[in-house]
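The structure appears below as structure tokens.
The values are calculated or read from the model by the stated rules, or taken from the named source; none is laboratory data. Note that the coordinates shown come from a computational prediction; the quantities given were computed from them, not determined experimentally. With ideal geometry, Cβ positions are generated from the backbone for all residues, glycine too; neighbour counts draw on all protein chains shown.
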Amino acid sequence: MESAGLWMLAVVAALILATGLPAWMLLIGVALAFAATGVALGRIPLEFLTGIPSRLIGLLENDLLQTLPLYVLMGAILNRLPLADVLFRTARRALRWTGAGAPLAGLGLGVLLAPMNGSVGASAAMLTRTILPRLAEAGVPRVRGAALVCVASTLGVVVPPSLVLILLGDAMLRAHTEAVNATGVATRIVNTQDVFQGTLIPAGILLLLCAFVAWGRNRRTWARRVPPPAPALGEWITAIVTAAAIAALLAGVTLGFLYAVEAAATGGVALFCYGVATRTLTRTILAEILRDTMALTGALFALLVGATIFTLVVRAFGTDRLVADWLARMSGDPRKALVVVLVILGVCAFVLDAYEMIFVVIPIVMPPLLVRVPDATWVAVLTLLVLQASFLIPPMGYAVLMVRHRIARPIRTGRFVRALSPYLIAQLVVLALVLAYPPSVWRGPGASAQALEASPPPTEETDFPFGPQDFQIETRPSPSGSGDSDTR
């Protein structure tokens, strides 16, 4: 019955594709159905089911989850206010000297706003509405504009301090703690701050390559167009102040000077004040913003609850031990195990979005992987790069599906593949660089890089000896910054 957890994953993936029901509903339903079967067959003790509520209560007491609704609120405000349009028009004018002002402005807007949007879907919706029509006005072919929007909407996956990085950092903290407990090796536990800082160099290289692709493919088209009208002085001031404020908040969280909760709350209040001051935030729009925030926040918390129940049942069947045994049997270079897990994550990303991956798949495959590959920061950055690349692979990539769903006229898959190919090549280059050269991941001044060495194989006494309801981690933020947690 140890393989039951893998069958659970397969059933959930099939139901997501076949039914269109919410993922949290399918996760809970499949988990309870398999748990009932396990109890009936004597594979799972009945007491296990009674421990689920206390486990959920302990999970939801994590202070880090306060960031989630605040990020969602910021994304909802950005989607409803004309601020993104102002930023795009001013950046387009400022970058006209490059010969590709509109495409570079669209990519820059993704860098600035995608980390604050909360999800790839929210970023795709906002950027499709804001950027795509103006790229067409600038003479950029529709398929190239759609490809650029796809890339820009996924930048929140790798540009800190996005919600995806915050949640992945917390998941990596838990997985690394479990791996350290299994091996008995005394080492520093990775935290969210490490993941933030680790993505800086790879994300910077990726952004430079994507900007080069956007410039090279569109500069001639843009040069034939009439220059855009100059924005008013007030729009320049608004754009400069907004860009500087957002950059300061993102940098403060990434470098550890601000908590993610504090930065998100500050950004939400600032956006609210901007809407009131400019009279663009009416009572009707505010009601829509609050409704969208509550709906998406509720969906994410429901997903977290469903994923927690699902992974507990998977552990009860012993599937995590089965995965650990498979990885332990891969002798030789631990990179082999790493590549296998990355391929699995990439395949799962065709069906699951980033949050489902973090809540469902990461807790199962990451602890045994970190037993073989102890550099948790490096593994986390590779995971993010694989997820982002998977979201852009047509026709099933999540960002591709979201953008194609929102454009009026359909785009042929072949044309979309050709338009996205240069960006995908750039991502694969960065992924290969990070995989081949681990020092490209910056650990920050407070974190020491761990050598890429295979840890001693777990013995029977230490091979993940925690039950699904016994393993708990208490985290509390440290004063040094967002996500830097003490583990006890």
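Check Phe34, Phe48 and return the single one that is of a type in the set (Phe, Trp, Tyr) and modelled with pLDDT of 85 or more.
Values: Phe48 fails: modelled with pLDDT of 85 or more.
One residue alone meets the criteria, Phe34.
Would you mind stating whether Asp292 is of a type in the set (D, E, K, R) and part of a helix (DSSP H, G or I)? Walk me through how you get there before you give the answer.
Details: of a type in the set (D, E, K, R): yes; part of a helix (DSSP H, G or I): yes.
Taking the combined requirement at face value, the residue satisfies it.
May I ask you to list the residues in region 198-210 that are surrounded by fewer than 21 Cβ atoms within 10 Å (Cβ to Cβ) and touching a residue at least 24 places away in the same chain (Cβ under 8 Å)?
Leu200, Ile201, Ile205, Leu207, Leu209
Identify, by number, the condition in (1) surrounded by fewer than 17 Cβ atoms within 10 Å (Cβ to Cβ); (2) touching a residue at least 24 places away in the same chain (Cβ under 8 Å); (3) over 30 Å from Ala100 (Cα atoms); (4) more than 22 Å from the chain's Cα centre (by Cα) that Thr183 doesn't meet.
(1)
Look through Thr319, Thr297, Thr308, Thr284 and report the one residue that is free of Cβ contacts under 8 Å to residues at least 40 places away in the same chain and of a type in the set (Val, Ile, Thr). Before you say what the answer is, go through the steps one by one.
Numbers: Thr319 fails: free of Cβ contacts under 8 Å to residues at least 40 places away in the same chain; Thr297 fails: free of Cβ contacts under 8 Å to residues at least 40 places away in the same chain; Thr308 fails: free of Cβ contacts under 8 Å to residues at least 40 places away in the same chain.
Answer to the check: Thr284.
Among helices (runs of 4 or more DSSP H) lying entirely in region 114-214, which contain 3 or more residues that are of a type in the set (S, T, N, Q)?
Details: elements: 120-130, 132-137, 142-153, 163-183, 192-198.
Of the helices (runs of 4 or more DSSP H) lying wholly inside region 114-214, those with at least 3 residues that are of a type in the set (S, T, N, Q) span 120-130, 163-183, 192-198.
Identify all residues within region 1-27 that are of a type in the set (Ser, Thr, Tyr) and within 13 Å of Phe317 (Cβ to Cβ); write none if there are none. Steps first, please.
Start the filter on region 1-27 by keeping residues that are of a type in the set (Ser, Thr, Tyr), which leaves 3, 19.
Ser3 - this is the single residue of region 1-27 that is of a type in the set (Ser, Thr, Tyr) and within 13 Å of Phe317 (Cβ to Cβ).
May I ask you to verify whether Gly252 is under 22 Å from Ala125 (Cα atoms), of a type outside the set (S, T, N, Q) and in a helix (DSSP H, G or I)? Break it down into steps so the answer makes sense when it comes.
Details: under 22 Å from Ala125 (Cα atoms): no; of a type outside the set (S, T, N, Q): yes; in a helix (DSSP H, G or I): yes.
Here the answer is no, as Gly252 does not meet what is asked.
Does region 344-359 contain any residue that is among the aromatic types (Phe, Trp, Tyr), assigned to a helix (DSSP H, G or I) and under 17 Å from the mean Cα position of the chain (by Cα)?
Here is the first cut: in region 344-359, the residues among the aromatic types (Phe, Trp, Tyr) are 350, 355, 359.
Filter once more, keeping what is assigned to a helix (DSSP H, G or I): 355, 359.
Subsequent filtering for residues that are under 17 Å from the mean Cα position of the chain (by Cα) retains 355, 359.
Yes, the conditions are met somewhere in region 344-359.
Any residue at all in region 249-256 that is modelled with pLDDT of 85 or more, touching a helix residue (DSSP H, G or I) at 6+ places or on another chain (Cβ under 9 Å) and surrounded by fewer than 21 Cβ atoms within 10 Å (Cβ to Cβ)?
yes
Going by the conditions given, is Ala230 of a type outside the set (S, T, N, Q), assigned to a helix (DSSP H, G or I) and surrounded by fewer than 21 Cβ atoms within 10 Å (Cβ to Cβ)? I'd like the intermediate steps shown before the answer.
On the way: of a type outside the set (S, T, N, Q): yes; assigned to a helix (DSSP H, G or I): no; surrounded by fewer than 21 Cβ atoms within 10 Å (Cβ to Cβ): yes.
Against the criterion (of a type outside the set (S, T, N, Q), assigned to a helix (DSSP H, G or I) and surrounded by fewer than 21 Cβ atoms within 10 Å (Cβ to Cβ)), Ala230 does not qualify.
One line per residue, one yes/no per condition, for (1) over 23 Å from the mean Cα position of the chain (by Cα); (2) surrounded by 24 or more Cβ atoms within 10 Å (Cβ to Cβ):
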| position | (1), (2) |
| --- | --- |
| Ala76 | no, yes |
| Asp85 | yes, no |
| Arg93 | yes, no |
| Val120 | no, yes |
| Arg129 | no, no |
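Being buried (at least 16 other Cβ atoms within 10 Å of the Cβ) and either among the aromatic types (Phe, Trp, Tyr) or touching a His at 6+ places or on another chain (Cβ under 9 Å) (or both), is that true of even one residue in region 63-74? Before you say what the answer is, go through the steps one by one.
Looking only at region 63-74, we keep the residues that are buried (at least 16 other Cβ atoms within 10 Å of the Cβ), and these are 64-65, 67-74.
Cutting the leftovers down to either among the aromatic types (Phe, Trp, Tyr) or touching a His at 6+ places or on another chain (Cβ under 9 Å) (or both) gives us 71.
Yes; the residues of region 63-74 include at least one that is buried (at least 16 other Cβ atoms within 10 Å of the Cβ) and either among the aromatic types (Phe, Trp, Tyr) or touching a His at 6+ places or on another chain (Cβ under 9 Å) (or both).
Check Val365, Val400 and return the single one that is in a helix (DSSP H, G or I), modelled with pLDDT of 85 or more and either touching an Asp or Glu at 6+ places or on another chain (Cβ under 9 Å) or not acidic (Asp, Glu) (or both).
Details: Val400 fails: modelled with pLDDT of 85 or more.
Within the list Val365, Val400, the selection yields Val365.
Test Arg89 against the criterion of being touching a residue at least 60 places away in the same chain (Cβ under 8 Å) and closer than 20 Å to Leu281 by Cα, and give yes or no.
Working: touching a residue at least 60 places away in the same chain (Cβ under 8 Å): yes; closer than 20 Å to Leu281 by Cα: no.
So Arg89 does not fit the description; no.
Among all residue pairs at least 6 apart or on different chains, which show Cβ distances below 8 Å where the first residue, located in region 335-351, is closer than 16 Å to Asp320 by Cα and the second is among the small types (Gly, Ala, Ser)?
That search, which allows pairs on different chains as well, returns Leu345/Ser390.
Test Asp325 against the stated conditions and say whether it is outside any loop (DSSP other than H, G, I, E, B) and either more than 30 Å from Gly121 (Cβ to Cβ) or within 22 Å of the chain's Cα centre (by Cα) (or both).
Working: outside any loop (DSSP other than H, G, I, E, B): yes; either more than 30 Å from Gly121 (Cβ to Cβ) or within 22 Å of the chain's Cα centre (by Cα) (or both): yes.
Answer is yes for this residue.
Which of the following residues is of a type outside the set (A, V, I, L, M, F, W, C), in contact with a Gly (Cβ under 9 Å, 6 or more places away or on another chain) and either over 20 Å from Ala122 (Cβ atoms) or without any contact (Cβ under 8 Å) to a residue 40 or more places away in the chain (or both): Thr192, Thr238?
Details: Thr238 fails: in contact with a Gly (Cβ under 9 Å, 6 or more places away or on another chain).
Just one listed residue meets the conditions, Thr192.
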